[in-house]
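Below you'll find the structure, written out as structure tokens, and then a few comments.
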């Protein structure tokens, strides 16, 4: 329903053109009226108007009025390209100004991505806007007026749906379902020292430690357990057989059996 509402002015323009016997100026008047209605409905429903909708509405009013005043269809034909290129500039500028790309501000409440992925998605929209603006002018200057009007409806909506579908597939590949996320990795200390006293002895297979200095205790531990052992030895109770006190943490260390 929202998608139909977004394309309402475009559908109204197409119907006005066809029902008036291919009169593009009558269709332009219908387009202006449809944009005014769409903007008013959006304000009544949400008490705000999105920046993209506001820019598009203002340009329709400006270029539509010029089309009717000068009686030159090129103004309304150029409007679609200019709107798309302005959006491309805005999306690109948001990479350098502000803390988030514009696409993240639009979709960030529903989608969670890392910043590099947001920038990649934003670049896709920049390319899309530039390409659509160029394609619009190519059709306008190389085909009949009726072909351009058909492209405005079928081509614009069809290509937009294809792009949105491709974007959805890409987003689905980047977002992992909540239930399938890997459990957080345990810190090395917990992994190395979470077993029994017997397995701890196997881990520390050097010589029995002396707790007199940090250096002695550290040298006695295997290289992969050095960082973990001293910080994790507090998890062992002092009653374990053969334990000594670590001078660094004042907790129990279980030496290996010599």
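The values are calculated or read from the model by the stated rules, or taken from the named source; none is laboratory data. Every value quoted in this text rests on a predicted model; they were computed, and no experiment measured them. Ideal geometry is used to build each Cβ from the backbone, glycine not excepted, and the neighbour counts take in all protein chains shown.
If you check residue 147 against the conditions, is it loosely packed, with under 15 Cβ neighbours inside 10 Å and in contact (Cβ under 8 Å) with a residue 60 or more places away in the chain? I'd like the intermediate steps shown before the answer.
Details: loosely packed, with under 15 Cβ neighbours inside 10 Å: yes; in contact (Cβ under 8 Å) with a residue 60 or more places away in the chain: no.
Here the answer is no, as residue 147 does not meet what is asked.
Can residue 181 be described as in the same structural domain as residue 78 (by TED's automatic domain parsing), at pLDDT below 90 and either more than 30 Å from residue 19 (Cβ to Cβ) or surrounded by 14 or more Cβ atoms within 10 Å (Cβ to Cβ) (or both)?
Numbers: in the same structural domain as residue 78 (by TED's automatic domain parsing): no; at pLDDT below 90: yes; either more than 30 Å from residue 19 (Cβ to Cβ) or surrounded by 14 or more Cβ atoms within 10 Å (Cβ to Cβ) (or both): yes.
Answer is no for this residue.
For segment 14-28, does any single residue satisfy the condition of being over 26 Å from residue 144 (Cβ atoms) and either part of a helix (DSSP H, G or I) or not assigned by TED's automatic domain parsing to the domain that holds residue 85 (or both)? Lay out the reasoning, then the answer.
Pass one, segment 14-28, residues over 26 Å from residue 144 (Cβ atoms): none.
No, segment 14-28 contains no residue that is over 26 Å from residue 144 (Cβ atoms) and either part of a helix (DSSP H, G or I) or not assigned by TED's automatic domain parsing to the domain that holds residue 85 (or both).
Grab the helices (runs of 4 or more DSSP H) fully contained in segment 59-161, keeping just those with 2 or more residues being closer than 19 Å to residue 32 by Cα. Give the steps one after another, and end with the answer.
Details: elements: 74-93, 102-107, 115-142, 145-150.
The helices (runs of 4 or more DSSP H) meeting that bar are 74-93, 145-150.
This table checks each residue for (1) in contact with a helix residue (DSSP H, G or I) (Cβ under 6 Å, 6 or more places away or on another chain); (2) at pLDDT 90 or above; (3) surrounded by fewer than 16 Cβ atoms within 10 Å (Cβ to Cβ).
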{"residue": "3", "(1), (2), (3)": "no, no, yes"}
{"residue": "34", "(1), (2), (3)": "yes, yes, no"}
{"residue": "45", "(1), (2), (3)": "no, no, yes"}
{"residue": "50", "(1), (2), (3)": "no, no, yes"}
{"residue": "58", "(1), (2), (3)": "no, yes, yes"}
{"residue": "65", "(1), (2), (3)": "no, yes, yes"}
{"residue": "84", "(1), (2), (3)": "yes, yes, no"}
{"residue": "100", "(1), (2), (3)": "no, no, yes"}
{"residue": "105", "(1), (2), (3)": "no, no, yes"}
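Just to be sure, is residue 147 within 26 Å of residue 11 (Cα to Cα) and either in the same structural domain as residue 23 (by TED's automatic domain parsing) or touching a strand residue (DSSP E or B) at 6+ places or on another chain (Cβ under 8 Å) (or both)? Full working, then the answer.
Working: within 26 Å of residue 11 (Cα to Cα): yes; either in the same structural domain as residue 23 (by TED's automatic domain parsing) or touching a strand residue (DSSP E or B) at 6+ places or on another chain (Cβ under 8 Å) (or both): yes.
The answer is yes for residue 147.
Sort out which residues of segment 37-57 are under 21 Å from residue 84 (Cβ atoms) and either in contact (Cβ under 8 Å) with a residue 40 or more places away in the chain or in a helix (DSSP H, G or I) (or both), and write them in order of number.
Hits for segment 37-57 are 38, 39, 42, 51, 52, 53, 54, 55, 56, 57.
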